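A short worksheet on the structure shown next.
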Amino acid sequence: MARTDVVTRFAPSPTGYLHIGGARTALFNWLFARHHGGRFLLRVEDTDRERSSQGAIDAIFDGLSWLGLQGDEEPVFQFARMDRHAEVAQMLLDSGNAYRCYTSPEELTAMREAQRAAGQPVRYDGRWRDRDPAEAPDGVPPVIRLRAPQTGETVIADAVQGDVTFANDQLDDLILLRADGTPTYMLSVVVDDHYMNVSHVIRGDDHLVNAARQSLIYQALGWDVPVFAHIPLIHGADGAKLSKRHGALGVDAYREMGYLPEAVLNYLARLGWSHGDEEIFSMAQAAEWFGLDAVGRGASRFDFARLENLNGHYLREADNDRLTVLVAERLDIAADDPAFARILGLMDGLKERAKTVVELADSAAFLTASRPLTMNAKAAKLIAGDAAQVLAGVRDALVALPTWDVATTEACVKGYAEAHELKLGKVAQPLRAALTGSNMSPGIFDVLVALGREESLARIGDCV
RNA sequence: GGUCCCUUCGUCUAACGGUUAGGACGCGAGAUUUUCAUUCUCGAAAUAGGGGUUCGAUUCCCCUAGGGACUACCA
């Protein structure tokens, strides 16, 4: 039974934040596991002690949990399994599938330069492959290399890329254990994936060649090779490698820019994968549909316009209480602040007009402003001239209202406009300016109600 | 340089030998409207180029061009 269980994993190295490409890799692994009722595991590849940091680990876990992509088990830390990796290297040594290499880094550099100069492929030449260890120079700690086959070919049956064939003479004897005894990435991934029973390795395209190398290690060990699936990388809007300038930001940056996790998830799922004409769907729905065969093979470009559109959709669908909390955080308003209730009250009208939480907060800011309002240029124009008389008249009509709701204020303002033979816009626009300090806002009667009678009348009064 | 991968509207993609090459974002026009949005309708917009295979190629093969990955005692 254990043989057929689907186990996927996301294995980031904690040398930075969780960038958008990593998030998508995690998502695809998660989706695949969910689709098959399997498990999705997390493994922190922290064997590079120099570059790994706790801050990065925290950032990655934060990003994952914001997206709701938690692992199904406690995360595994690769560094803690070093002994196991070393054991396996010893096994390989014992079985003759690995050997000690005493070439110094300087010699290696010289070798590569010579190869490059001669126009030859650059790779380890196997100089210690068959040499007697008795010839080992004194005081040089050896690395352990895999004795890889030098002829034949290695084919990776990739679930996304199809069969990819590598000639074995293109793959040199990779290092398993460094001179200081620590395992390299190649060794630890294989060992950990094996012991974690990972059935499907879904990762970035940049690992395709590694798959061939790792496959050689599996073979030397006599272990089953997992199914590989190398998904194309995400490029920037200009088609070049994703850089910070165009989207290779941490997922926390997307939260900061006001995107909702469900929008980011939907966007990412649809980038490089599709299910017919489906564009907007939940992750539960995506999990039902997801399959590696529908993952595209070409790199895709990151498109902020599309993300923004999706975000607008999810914003409109989002719960008002939730959005109000998000806006209040950005506006630095406490839950017992009167402005909090105003924002919540106007949220229906507000969220319909925003693409991001940042815009939402901006558009809600007038609800928290203190009088007298500062007008933007267009609003100032709207209340100039004879608009003051109109505002004074509307205020007088409004003051007389027995109740204060959308229906009564609307009837009142429209009645005033008709009585004075004014187009509604002639009344509503100055009113909007007086109330919000802007020429754009949600429906003016909704604004009146959200602000409340007292504040509304006071704001109008400031302009007459 | 070597090895490997990729190539349908501007972008994300559908069409797994036979379609007027479909959808979505964005863009343009219009409708609705108290502003801005939302919503609705309509429109422009693509098979990188060249050879084959085939009755028939977006689809299969080859070449070219362009893009990308890898080429560490990093992961």
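About the Cα centre, and with charges only on the beta carbon of Lys, Arg (+1) and Asp, Glu (-1), how big is the dipole of region A:29-173? Nearest 20 debye, please. Each step should come with its number before you reach the end.
Numbers: 16 positive and 26 negative charges, 32 e Å.
Charge dipole of region A:29-173: 160 debye, to the nearest 20.
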Can you run phi through the Karplus equation (6.51, -1.76, 1.60; θ = phi - 60°) for region A:203-215 and list ³J(HN,Hα) in whole Hz, with x for Gly and Pro?
8, x, 3, 5, 9, 4, 5, 4, 4, 5, 4, 5, 4
Positive end of the dipole of chain A, charges at C-beta (+1 Lys, Arg; -1 Asp, Glu), about the Cα centre: which of A:Leu174, A:Pro338, A:Ala26 has its Cα farthest in that direction?
A:Pro338
Under 20 Å Cα-Cα from A:Lys378, which lysines qualify once same-chain neighbours fewer than 8 residues away are excluded?
A:Lys423, A:Lys426
Could you order the peptides A:47-56, A:325-334, A:263-272 from most to least packed, using the average number of other C-beta atoms within 10 Å per residue?
A:263-272, A:325-334, A:47-56
Under 5 Å from the placed amide H of A:Glu153, counting only residues 5+ away or on other chains, we find A:Asn168
How high is the relative contact order of region A:220-373, in percent, counting Cα pairs under 8 Å that sit 6 or more residues apart?
26
Taking amide H positions as placed 1.01 Å from N in the peptide plane, with prolines and chain starts having none, which residues 5 or more places from A:Phe228, or on another chain, fall under 5 Å of its amide H?
A:Ala159, A:Val201
Rounded to whole Å, give me the distance from the Cα center of region A:431-464 to that of region A:8-42.
48
Using a basic spin-label model with each label point 7 Å from the Cα along Cα→Cβ, how many nm lie between A:Ala240 and A:Thr403?
6.3
Among A:Ala428, A:Ser13, A:Thr184, whose Cα lies farthest out toward the positive end of the dipole of chain A, if unit charges sit on the beta carbon of Lys, Arg (+1) and Asp, Glu (-1)?
A:Ala428
Please go through region A:407-464 and write out the GluC sites (Glu not before Pro) that DSSP classes as loop and that have at most 10 other C-beta atoms within 10 Å.
A:Glu421
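Hey, what D do you get for region A:389-435 in µm²/s if you plug the Kirkwood alpha-carbon radius into Stokes-Einstein at 25 °C and 0.890 mPa s? List each step's numbers first, then the result.
Working: Rh = 10.6 Å.
My calculation gives 232 µm²/s for D.
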Under 5 Å, built H, 5+ apart or other chain: amide partners of A:Leu176:
A:Ile144, A:Arg145, A:Leu146
Relative pair counts by distance (%), Cα atoms of chain A, 10 Å bins
4, 16, 21, 17, 13, 10, 8, 6, 4, 1, 0
Roughly speaking, what is the centre-to-centre gap between region A:355-381 and region A:175-227 when only Cα atoms are used, to the nearest Å?
56
Derived scalar couplings ³J(HN,Hα) [region A:308-313; Karplus, 6.51 cos²θ - 1.76 cosθ + 1.60; whole Hz; x for Gly, Pro]
5, 4, 4, 4, x, 4
Mind ordering A:142-150, A:10-18, A:73-81, A:115-123 by average Cβ neighbours within 10 Å, highest first?
A:10-18, A:142-150, A:73-81, A:115-123
Farthest positive-ward along region A:311-433 dipole, Cα basis, beta-carbon charges - from A:Pro372, A:Leu323, A:Gly349
A:Pro372
Using the crude model of +1 on Lys and Arg Cβ and -1 on Asp and Glu Cβ, and no other charge, please compute the dipole size for chain A relative to its Cα centre, in debye to 20.
1020
Convert each backbone phi in region A:368-379 into a coupling constant with the Karplus relation 6.51 cos²θ - 1.76 cosθ + 1.60 (shift: θ = phi - 60°), then list the ³J(HN,Hα) values in order as whole Hz, x for Gly and Pro.
9, 5, 9, 7, x, 5, 8, 8, 7, 4, 5, 5
Before rounding to the nearest 500, sum -39500 (n - 2.57) across all DSSP H runs of length at least 4 in chain A and divide by the residue total; then give [θ] at 222 nm in deg cm²/dmol.
-14000 deg cm²/dmol
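No lab work stands behind these numbers, since they all come straight from the coordinates. Remember, it's a predicted structure, so these values are computed and weren't measured experimentally. No Cβ is skipped: glycine too gets one built from the backbone with ideal geometry, and neighbour counts run over all protein chains shown.
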